[in-house]
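Asker: Dropping a structure here in structure tokens format, bear with me for questions.
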Amino acid sequence: VFEIRSKTISSIRNFLEADGYLEVETPMLTPKATGAAARPFATHHNALDIPLYARIAPELYLKRLVVGGFEKVYELNRNFRNEGISTRHNPEFTMLEFYCAYMDVNGMMDFCEELLRNSVEKATGNLKVTFGENEIDFGKFERLTMKDAVARQLKNNSPIKIGDDFLEKPAEICRMAKFIQWWNKQGVEDFLDSEMLENNLILEDMKAYSFDKFHGKIKPIVDAHWKELEVEFPSDFSDRHTTAQSLVYLFEELVESNLIQPTFIIDYPKSISPLSKASPSNPNIAERFELFINGMEVANGFSELNDPLEQYQRFKDQMKQREQGDDEAMVLDEDYIRALSYGMPPAAGIGIGIDRLVMLLTNRQSIRDVILFPHLRPERRDGESERQSDKETN
């Protein structure tokens with residue numbers, strides 16, 4: 001596993017450097033936790049008597065270098081996020097980020113494909129790898145808008161009849177998101193009577209969101225709840241941020257886990273992409289993509305927003321969201337705004353999760369299996385409670 005990890009990283013470095021990228025190092029301890037939507041680890045610098053944060057992303061520092069004239073830069077190093085631990089998350093993880101001046105989102109997707117094909121083949125000797133029961137082909141990448149991905153899933157597995165323009169109506173997007181939230185809260189035994197519980201096909205359909213196969217007592221309940229939600233979201237509902245959050249929720253709940261082969265999801269809502277340039281054809285859409293493989297987000301990239309005035313307004317919008325309780329909304333970084341004011345050329349950037357990529361290449365189901373020293377709960381001594389162990393550790 002770790003030989004393949006080493007080969008993957010070295011092949012990535014060689015590919016980038018052959019294309020003219022310069023490897024750089026940016027601060028690990030920063031005065032503001034910026035560059036991504038995440039919760040930071042906080043500490044204190046005694047000599048300067050200031051708070052510092054373990055970086056959640058190197059993005060804003062790398063883009064300062066683009067402002068300063070370094071047109072192709074990359075960093076392959078650690079990020080730290082004070083969030084949950086799971087088979088796909090570790091508090092510290094290895095991230096590759098690189099930026100290229102005079103490139104846009106489409107050029108970055110093309111370059112990402114070339115980089116991954118090269119590194120996968122160098123590390124494994126093949127473009128096809130086996131992960132669990134699936135064979136993943138790194139020789140083929142699909143591109144799909146977020147709305148098209150959601151629409152395709154809903155049309156195939158929808159509890160409600162939806163029209164072709166369903167996802168153009170903000171109220172309908174929010175109503176469907178609320179419905180899915182309600183659906184997920186329903187316990188099987190509470191929602192279905194004993195007669196329905198005996199029908200195993202129905203239970204399988206529930207797990208697969210195959211709503212169209214429901215019959216009997218289920219459809220009237222679905223229909224009734226759907227009509228109730230009409231009162232919550234009137235036809236003139238137009239809160240763009242809430243609509244964007246609802247669309248992303250539908251994508252995460254219904255689509256993400258079904259993206260097995262390498263797929264770029266494009267056209268993210270602008271309101272949840274505060275560092276991305278808006279699409280010239282649609283100001284509500286960001287020139288952003290995320291790459292999904294086997295249901296995991298592996299990469300995130302976009303055309304960089306280089307207008308200081310618009311970036312300032314985006315930060316202000318993020319601060320409003322923080323005030324409303326969103327702990328992961330970004331904080332205002334005045335120093336970065338000042339850097340943009342000197343002038344950043346058009347550019348594109350990307351972050352690639354190395355640990356998740358190595359998971360895919362080595363057929364490992366847990367991120368712990370591809371990190372030499374993963375974070376684990378401390379082993380308890382005899383007679384010690386879990387709470388005592390955690391207290392000593394903290």
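Asker: Of all residues in region 83-103, which are part of a loop (DSSP other than H, G, I, E, B), surrounded by fewer than 17 Cβ atoms within 10 Å (Cβ to Cβ) and of a type in the set (S, T, N, Q)?
Answerer: 87
Asker: Return a yes/no flag: does region 110-133 have any residue that is open to solvent by less than 50 Å² (accessible area, probe 1.4 Å), part of a loop (DSSP other than H, G, I, E, B) and over 21 Å from residue 364 (Cβ atoms).
Answerer: No; the residues of region 110-133 include none that is open to solvent by less than 50 Å² (accessible area, probe 1.4 Å), part of a loop (DSSP other than H, G, I, E, B) and over 21 Å from residue 364 (Cβ atoms).
Asker: So, residue 106, is that one within 20 Å of the chain's Cα centre (by Cα), open to solvent by 10 Å² or more (accessible area, probe 1.4 Å), of a type outside the set (A, V, I, L, M) and under 26 Å from residue 327 (Cα atoms) or not?
Answerer: No.
Asker: Scan 331, 358 and give me the residue that is assigned to a helix (DSSP H, G or I), in contact with a Lys or Arg (Cβ under 6 Å, 6 or more places away or on another chain) and either at pLDDT below 95 or over 21 Å from residue 245 (Cα atoms) (or both).
Answerer: 358
Asker: Now, a different point. For region 285-306, does any single residue satisfy the condition of being more than 30 Å from residue 139 (Cβ to Cβ) and surrounded by 16 or more Cβ atoms within 10 Å (Cβ to Cβ)?
Answerer: yes
Asker: Take residue 166 and tell me if it is of a type in the set (Phe, Trp, Tyr) and open to solvent by less than 20 Å² (accessible area, probe 1.4 Å).
Answerer: yes
Asker: For a quick check of your reading of the model, give me the residue pairs whose first member lies in region 150-170 and is of a type in the set (D, E, K, R), whose second is open to solvent by less than 80 Å² (accessible area, probe 1.4 Å) and at pLDDT below 85, with beta-carbon atoms closer than 7 Å and at least 6 apart or on different chains.
Answerer: 155/162
Asker: Being closer than 19 Å to residue 334 by Cα and either of a type in the set (Lys, Arg) or in a strand (DSSP E or B) (or both) narrows it down to one residue among 51, 27; which is it?
Answerer: 51
Asker: Can you go through 12, 50, 4 and tell me which one is open to solvent by 40 Å² or more (accessible area, probe 1.4 Å) and within 28 Å of residue 123 (Cβ to Cβ)?
Answerer: Among 12, 50, 4, only 4 is open to solvent by 40 Å² or more (accessible area, probe 1.4 Å) and within 28 Å of residue 123 (Cβ to Cβ).
Asker: Provide a single number: the residues in region 56-79 that are open to solvent by less than 40 Å² (accessible area, probe 1.4 Å), outside any helix (DSSP H, G or I) and either in contact with a Gly (Cβ under 7 Å, 6 or more places away or on another chain) or at pLDDT below 95 (or both).
Answerer: Adding up the residues that qualify gives 3.
Asker: Can you find a residue in region 341-350 that is open to solvent by less than 60 Å² (accessible area, probe 1.4 Å), touching a helix residue (DSSP H, G or I) at 6+ places or on another chain (Cβ under 6 Å), free of Cβ contacts under 8 Å to residues at least 40 places away in the same chain and of a type outside the set (Lys, Arg)?
Answerer: Looking for residues that are open to solvent by less than 60 Å² (accessible area, probe 1.4 Å), touching a helix residue (DSSP H, G or I) at 6+ places or on another chain (Cβ under 6 Å), free of Cβ contacts under 8 Å to residues at least 40 places away in the same chain and of a type outside the set (Lys, Arg), one finds none in region 341-350, hence no.
The values are calculated or read from the model by the stated rules, or taken from the named source; none is laboratory data. Because the structure is predicted, anything quoted here is derived from the model rather than measured. Glycine gets a Cβ as well: all are built from the backbone with ideal geometry, and neighbour counts include every protein chain shown. To get the accessible areas, we keep the full protein, side chains included, count just its heavy atoms, and leave off ligands, DNA and RNA. Shrake-Rupley method; radii C 1.70, N 1.55, O 1.52, S 1.80 Å.
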